[in-house]
Amino acid sequence: MTTLTTTEWSGILNYVRQHHANITRHWFDQLRFIGLQHGTVDIRCANLPQQRYLSEQCARQFTEAAQVETGQLVSVRFTVEDDSSGNQTVPAPDVDLPLFANEPRQILLNPEYTFDQFVTGPSNRLAHAASVAVSDSPGETYNPLFIHGSVGLGKTHLLQAVCHHILSHRPTLNVLYLSCESFINHFLEAVERGALHQFRYRYRHVDLLVIDDIQFLAERERSQEEFFHTFNTLYQSRKQIILSADCPPREIPSLEDRLVSRFNWGLVTRIDPPCLETRMAILRKKARRRNLDFPEDVIRFIATRIDSNARELEGAINAVDVFSQQLGQPVDLSSAKEALGDVSTVSRPIAISLILDVVAEHFNVKKSDIQGKRRHKSIAFPRQVAMYLTREVTSHSLEEIGSFFGGRDHTTVLHANRLIGRLRQEDNYLSATLDQLKSRISNGSPVDRG
Amino acid sequence: MKVNVVTSALLEGLNLAASAAASRTPKPVLQGVLITAQKDQLLLMATDLEIGIRHQIRQAEVLSTGQVLVPVAKLLQIIRECADETIVLELVKNALHITGSDSHFQMFTGDAKDFPAIPEFEGQGDFELTAELLRSIIDRTLFAAAKESTRYAIDGLLWDRKGQLLRVVATDGRRLAVATCPLNRAAGPDAKVIIPSKAMSLFQRVITDPDVTFQVKFLSNQVLLHATHTTVSSVLVEGHFPPYEDVIPQDCNRHMHANIAQFASGVRRAALLTSDESKAIRLSFTDQEVTMTGRSPEQGEGSVRVAVRYDGEPLEIGFNPQFLLDVMKVLGGDEVYWELKEANRPGIFREGENYLYVVMPVNLS
């Protein structure tokens, strides 16, 4: 009940006009509705004389109108834009900021993370469009907006771009941007100091809550519960919530179902690794911003060499730039080749999560199922394959593999290993499949590009 | 530490401590009760860091002094089941030994040094309230406070003290209860503070003896409530309480008087056939009676007529029956007096100068 619809607000004005024509003034049209908090409707007027008139002559009539229109026992309060009188200000929701000693008053945003600086491409178009839509009308389009993707693909950039946009276009809105870790720390600190009330006040009275890397809520039972209530309060009062994570909601380990379903409520969108053209566009933008003149063939070369994420692209620009500066000659293809010589030759250790991706993709089962407890054949078999492949291509121990795949015993892994090994000998088709999966794993991509 | 203590007194103290201690918390020390044996008394302390309690037990023979921290819920269970008149608590090494005539329990103890400080009551209170007055204030307001903590600033009750007058206000956005009481002696500046509902329930629980007078003291961010053996402390809720005076309508032109028992019975019966989602009964006021109608789309409908004295134009208005029954329970006397205006405007129940209850109607269409 912390907001009014436009119809309710115009209903209030109409009610006053109809029932209390004697107090109505022509400038009532310009009154603006600010918010409904703690049972008080905040109405903003243009100047102090107006405010005095409203408070002294019209408070009762507006209260009556607000009660009739909302069906709730509310009261009203009149404030002036840029109020300097000091006695009738909008309640400042950040009164309790000093509660958290290490929290800066201003939220820290990277000034470069704006929409202008974001390079869109097929891999991130949906996430970008959703973020723009949300920043244009927070709380009304996609709520919550959940962006997930691997590291360095621009989640934080989009999150902060929304904050920048809202801060510059709607300065009255109360924006809170923070990492999940800060949320947990604040919560623990509040519990520790018996200041839960302040904590709740702080978090439940924002207009835009943006939390980065929400997957860190995993395993935090109490924080999850608190976040659940914060989420509900904001959601019910149509405040915008934006979250990011490195995987979709249902794959965040040990996240309560009620939170998973809430995260899926609005829009869940994924950012994929950028394609070649996008990588080139990113490189051009980054080079231009740093006033570097990179020829097109160098850009193409770097983009081909480095196919992971924007951070590594930036690192490559640095390497090429520094190298050519040392040589004292402009950047060209040969110096770039020399500078980046070792980048792609390093073979990266294979991550066990990649194997999971590849196997889940191939068998078309959910990753969470493979890591889960179900022992249905359609799931147990892919799990055994995944264990087998992990044993083959990594140096993880049986215990480590078992615990990654749903906390299983090392003997289970051993059994899977023997079973798949035997089947492989007997079944040519399986053997081919395993080879195919292995090559995808060493290429580092869950989808077969060939 | 070794103490011989009267079981019933210990049980009473532990009950209070258990309602102040935290039920779920990442800090186990907050689920404990700190028992201190002093020269001639036993002191129990518990807190969840928002509210705290100190309770002295005089009915104890202290054989040796000391201090021990144990989980309050378990100790309470042990003592509650104990049939002996007195019981012996003794700290031996790291265990608290609880010895009765036929039983012996050993509980592992926590580190008393980790236990947070709980404020003590010192000097005089800002004002005092008799047990009877305090109980009546709480009974008449607490039920109208918001139940969930979502709209947090009013998850608490406003204590508004102006000079010799105290007003306690509770609202959940659909109803508002105001209890007023004159104070005999009041010191300190006027104050407007919000006390959490949980603290108010604890206040209610410490009223065991009707002849006790409670001292109330407001500190910068805390309230202390003190009677002979017990001090309750609570942090105050920060935030803005709605300007409650504006909420109370002044222009009611319909008035109803009725017998409280008959009226309440009518509401209860009319509510029998209402559905859960549309919890509302329709009240039609005419000259000498009100017809209360309840309807449930799945089950049927019913109506009850109650004789009233009604002064004003006929009126059809809907209310949540529970909101009406809640106030019937706390109104004194035989008669209920109700002021109404329109079908979309709140109604007011009044009892003399000292109590009023504003309730928002429900839209019937």
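For B:V178, state whether it is within 11 Å of chain A (Cβ to nearest Cβ), touching a residue at least 60 places away in the same chain (Cβ under 8 Å) and in contact with a strand residue (DSSP E or B) (Cβ under 7 Å, 6 or more places away or on another chain). Considered against the rule, which asks whether it is within 11 Å of chain A (Cβ to nearest Cβ), touching a residue at least 60 places away in the same chain (Cβ under 8 Å) and in contact with a strand residue (DSSP E or B) (Cβ under 7 Å, 6 or more places away or on another chain), B:V178 comes out as no. For region A:54-69, check the following and say yes or no: at least one residue is within 11 Å of chain B (Cβ to nearest Cβ), part of a loop (DSSP other than H, G, I, E, B) and among the small types (G, A, S). No, region A:54-69 contains no residue that is within 11 Å of chain B (Cβ to nearest Cβ), part of a loop (DSSP other than H, G, I, E, B) and among the small types (G, A, S). Can you find a residue that is in a loop (DSSP other than H, G, I, E, B), more than 14 Å from chain A (Cβ to nearest Cβ), aliphatic (A, V, I, L, M) and farther than 30 Å from B:F121 by Cα anywhere in region B:295-310? Within region B:295-310, one or more residues are in a loop (DSSP other than H, G, I, E, B), more than 14 Å from chain A (Cβ to nearest Cβ), aliphatic (A, V, I, L, M) and farther than 30 Å from B:F121 by Cα. Within region B:354-365, the set of residues being surrounded by fewer than 19 Cβ atoms within 10 Å (Cβ to Cβ) and either touching a helix residue (DSSP H, G or I) at 6+ places or on another chain (Cβ under 6 Å) or within 14 Å of chain A (Cβ to nearest Cβ) (or both) comprises B:N363, B:L364, B:S365. Of the residues making up region A:438-450, one or more are touching a residue at least 60 places away in the same chain (Cβ under 8 Å), under 31 Å from the mean Cα position of the chain (by Cα), within 25 Å of A:L255 (Cα to Cα) and not in a helix (DSSP H, G or I).
Count of region A:124-153 residues, restricted to those that are touching a helix residue (DSSP H, G or I) at 6+ places or on another chain (Cβ under 9 Å), part of a helix (DSSP H, G or I) and open to solvent by 30 Å² or more (accessible area, probe 1.4 Å), is 3. Scanning region B:37-56 for residues that are surrounded by fewer than 20 Cβ atoms within 10 Å (Cβ to Cβ) and not in a loop (DSSP other than H, G, I, E, B) returns B:L43, B:Q56. Only one of the listed residues (B:F105, B:F143, B:F121) is among the aromatic types (F, W, Y) and assigned to a loop (DSSP other than H, G, I, E, B). That residue is B:F121. Any residue at all in region B:237-252 that is buried (at least 21 other Cβ atoms within 10 Å of the Cβ), closer than 16 Å to B:L129 by Cβ and within 14 Å of chain A (Cβ to nearest Cβ)? No, region B:237-252 has no match at all.
Is it the case that some residue within region B:342-353 is outside any loop (DSSP other than H, G, I, E, B), within 14 Å of chain A (Cβ to nearest Cβ) and in contact with a helix residue (DSSP H, G or I) (Cβ under 6 Å, 6 or more places away or on another chain)? Yes: region B:342-353 contains one or more residues that are outside any loop (DSSP other than H, G, I, E, B), within 14 Å of chain A (Cβ to nearest Cβ) and in contact with a helix residue (DSSP H, G or I) (Cβ under 6 Å, 6 or more places away or on another chain). Considering region B:184-203, and only residues there that are among the hydrophobic types (A, V, I, L, M, F, W, C) and at pLDDT 90 or above, the residue that is nearest to B:F143 (Cα to Cα) turns out to be B:M200. So which residues in region A:399-450 are β-branched (V, I, T), surrounded by 13 or more Cβ atoms within 10 Å (Cβ to Cβ) and modelled with pLDDT of 85 or more? Passing the criteria: A:I401, A:T412, A:V413, A:I420, A:T433.
Checked against the criterion of being exposed (fewer than 15 other Cβ atoms within 10 Å of the Cβ) and among the small types (G, A, S), the candidates B:G312, B:G318, B:G333 yield just one match: B:G333.
When B:E12, B:E61, B:E50 are checked against the criterion of being charged (D, E, K, R), touching a residue at least 24 places away in the same chain (Cβ under 8 Å) and within 14 Å of another protein chain (Cβ to nearest Cβ), a single residue qualifies: B:E50. With respect to the conditions (1) surrounded by fewer than 16 Cβ atoms within 10 Å (Cβ to Cβ); (2) in contact (Cβ under 8 Å) with a residue 60 or more places away in the chain; (3) not polar (S, T, N, Q), A:P171 lacks only one, and its number is (2). Counting only residues that are in a strand (DSSP E or B) and either under 11 Å from the mean Cα position of the chain (by Cα) or of a type outside the set (D, E, K, R) (or both), region B:184-217 holds 10 of them. Looking across region B:218-260, the residues that are polar (S, T, N, Q), part of a loop (DSSP other than H, G, I, E, B) and over 22 Å from the mean Cα position of the chain (by Cα) come down to B:S220, B:Q250, B:N253.
When the test is whether a residue is part of a loop (DSSP other than H, G, I, E, B), modelled with pLDDT of 85 or more and open to solvent by 20 Å² or more (accessible area, probe 1.4 Å), A:V346 does not pass it.
Would you mention how many residues in region A:200-237 are within 16 Å of A:L173 (Cβ to Cβ) and without any contact (Cβ under 8 Å) to a residue 40 or more places away in the chain? Count: 4.
Select from region A:154-177 the residues that are assigned to a helix (DSSP H, G or I) and among the β-branched types (V, I, T) and write down the one among them that is farthest from A:N309 (Cα to Cα). Per the criteria, the residue is A:I166. With respect to the conditions (1) among the polar types (S, T, N, Q); (2) open to solvent by less than 70 Å² (accessible area, probe 1.4 Å); (3) away from chain A (no Cβ under 14 Å), B:S278 falls short on a single one, namely (3).
Condition check ((1) within 14 Å of another protein chain (Cβ to nearest Cβ); (2) hydrophobic (A, V, I, L, M, F, W, C); (3) open to solvent by 50 Å² or more (accessible area, probe 1.4 Å)) across all residues:
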site: B:V193; (1), (2), (3): yes, yes, no
site: B:P196; (1), (2), (3): yes, no, no
site: B:L202; (1), (2), (3): no, yes, no
site: B:V206; (1), (2), (3): no, yes, no
site: B:T213; (1), (2), (3): no, no, yes
site: B:L224; (1), (2), (3): no, yes, no
site: B:R254; (1), (2), (3): no, no, no
site: B:A258; (1), (2), (3): no, yes, no
site: B:A271; (1), (2), (3): no, yes, no
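What tally of residues in region A:193-235 results from selecting those that are assigned to a helix (DSSP H, G or I), more than 13 Å from chain B (Cβ to nearest Cβ) and aliphatic (A, V, I, L, M)? So the answer is 2.
Taking the listed residues B:Q67, B:Q31, the one that is more than 15 Å from B:L10 (Cβ to Cβ), under 25 Å from the mean Cα position of the chain (by Cα) and surrounded by 16 or more Cβ atoms within 10 Å (Cβ to Cβ) is B:Q31, with no other qualifying.
The values are calculated or read from the model by the stated rules, or taken from the named source; none is laboratory data. Being a predicted model, the structure only gives us computed values, none of them experimental. Neighbour counts run over all protein chains shown; Cβ positions are idealised from the backbone, glycine included. Keep in mind that these areas ignore ligands, DNA and RNA; they rest on the heavy atoms of the full protein, side chains included. Shrake-Rupley method; radii C 1.70, N 1.55, O 1.52, S 1.80 Å.
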